[in-house]
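Read the structure below first, then the notes.
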Amino acid sequence: MAELAGLEDPKTRAANEKRGDDHGVNLGKLRAVAKRLKTQQDLARDLWATDDTAARLLALLICRPKAFGRDELDTMLREARAPKVHDWLVNYVVKKSPHAEELRLAWSGDPDPVVASAGWALTAERVVKKPEGIDLEGLLDVVEAEMKDAPDRLQWAMNTCLAQVGIEHPEHRARAVDIGERLEVLKDYPTPPNCTSPFAPAWIAEMVRRRQDA
């Protein structure tokens, strides 16, 4: 904890706090600490228990994803206040867990939109990597009905799912693009030059073009 406090940088904190992340540690430096510590599950649990955002990010880098139980991961997700902690927990830990599918199903319909967004992030992963058994038409029905008015983080995860359906599954591409165009979610999102817009029709078109050019 003292080492993490020593890495605190006011400019980094100011930039992170704009995104809702209350820490001031450069992520490159945090990864260097994790590389030195290597995997340490007990230390990871202790760091998580501090409720400090930088410590929790470090915990997620040095933990053993498969060592967490289903209920433990559910509790951790509900405790993960900061968006970056939530994002890393889902991407670095839950996706590698044997409980990922069970949690995907449980979280997707959760009344807490932040918890539901984790379910949708796991669904987007399945759409890309293991679409067998996923009702893509039904998924598009839910996106069409609910994405427009969803809270920000849930909306973002639903939009990612919509784009991935369009990118990965040509038979559903026209409908995915149509839904994106009608709902106009993230259409005006500020996108830096040379970056792909998160607006689903633009995102789908760009990724399909890249694959055709490859």
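The values are calculated or read from the model by the stated rules, or taken from the named source; none is laboratory data. All values derive from a computational prediction rather than experimental measurement. Note that we place each Cβ from the backbone using ideal geometry, even for glycine, and neighbour counts take in every protein chain shown. Remember, those area values only see protein heavy atoms, side chains included, never the ligands or the DNA or RNA. Shrake-Rupley method; radii C 1.70, N 1.55, O 1.52, S 1.80 Å.
Return the total of residues in the range 148-203 being among the basic types (K, R), in a helix (DSSP H, G or I) and surrounded by 14 or more Cβ atoms within 10 Å (Cβ to Cβ). It would help to see each step written out before you state the result.
In the first step, residues of the range 148-203 are kept if they are among the basic types (K, R); the result is 148, 153, 173, 175, 182, 187.
Then keep just the ones that are in a helix (DSSP H, G or I); that gives 153, 173, 175, 182.
With the extra rule that they be surrounded by 14 or more Cβ atoms within 10 Å (Cβ to Cβ), the set shrinks to 153, 173, 175.
Counting residues in the range 148-203 that are among the basic types (K, R), in a helix (DSSP H, G or I) and surrounded by 14 or more Cβ atoms within 10 Å (Cβ to Cβ) gives 3.
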> What pairs can you find where one residue is in the range 185-214 and without any contact (Cβ under 8 Å) to a residue 12 or more places away in the chain and farther than 14 Å from V165 by Cα, the other is in a loop (DSSP other than H, G, I, E, B) and open to solvent by less than 40 Å² (accessible area, probe 1.4 Å), and their Cβ atoms are less than 6 Å apart, with a gap of 6+ or different chains?
Replying inline: Y189/P198; T191/S197
> Any idea how many residues of the range 169-212 are among the basic types (K, R), farther than 17 Å from A145 by Cβ and touching a Gly at 6+ places or on another chain (Cβ under 9 Å)?
Replying inline: 2
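For the range 1-57, list the helices (runs of 4 or more DSSP H) that sit wholly inside it and hold at least 2 residues that are in contact with a helix residue (DSSP H, G or I) (Cβ under 7 Å, 6 or more places away or on another chain) and open to solvent by less than 80 Å² (accessible area, probe 1.4 Å); which are they? Before the answer, list the steps.
Numbers: elements: 2-6, 10-17, 27-37, 41-49.
In the range 1-57, the matching helices (runs of 4 or more DSSP H) lie at 27-37, 41-49.
Can you give me the number of residues within the range 58-71 that are more than 15 Å from E101 (Cα to Cα) and open to solvent by 60 Å² or more (accessible area, probe 1.4 Å)? Before you say what the answer is, go through the steps one by one.
First pass over the range 58-71, keeping only residues more than 15 Å from E101 (Cα to Cα): 58-64, 67.
Within this subset, residues satisfying the condition of being open to solvent by 60 Å² or more (accessible area, probe 1.4 Å) are 64.
Total meeting the criteria: 1.
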> Taking into account only those residues within the range 125-147 that are in a loop (DSSP other than H, G, I, E, B) and of a type in the set (A, V, I, L, M, F, W, C), which is surrounded by the fewest Cβ atoms within 10 Å (Cβ to Cβ)?
Replying inline: I134
>> Could you go through the range 130-149 and let me know if any residue there is closer than 19 Å to I204 by Cα and small (G, A, S).
In response: no
>> Please count how many residues of the range 72-82 are out of contact with any Phe, Trp or Tyr (no Cβ under 9 Å at 6 or more places or on another chain), buried (at least 18 other Cβ atoms within 10 Å of the Cβ) and assigned to a helix (DSSP H, G or I).
In response: 1
> Across the range 87-99, what is the total count of residues that are open to solvent by less than 20 Å² (accessible area, probe 1.4 Å) and not hydroxyl-bearing (S, T, Y)?
Replying inline: 5
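One line per residue, one yes/no per condition, for (1) closer than 30 Å to K38 by Cβ; (2) without any contact (Cβ under 8 Å) to a residue 40 or more places away in the chain; (3) β-branched (V, I, T):
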| position | (1), (2), (3) |
| --- | --- |
| D87 | yes, yes, no |
| R104 | yes, yes, no |
| A118 | yes, no, no |
| E144 | no, yes, no |
| A150 | no, yes, no |
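Might you check whether a residue that is more than 23 Å from M207 (Cα to Cα), touching a helix residue (DSSP H, G or I) at 6+ places or on another chain (Cβ under 7 Å) and not aromatic (F, W, Y) occurs anywhere in the range 119-126?
Within the range 119-126 (the criterion being more than 23 Å from M207 (Cα to Cα), touching a helix residue (DSSP H, G or I) at 6+ places or on another chain (Cβ under 7 Å) and not aromatic (F, W, Y)), the answer is yes, since at least one residue qualifies.
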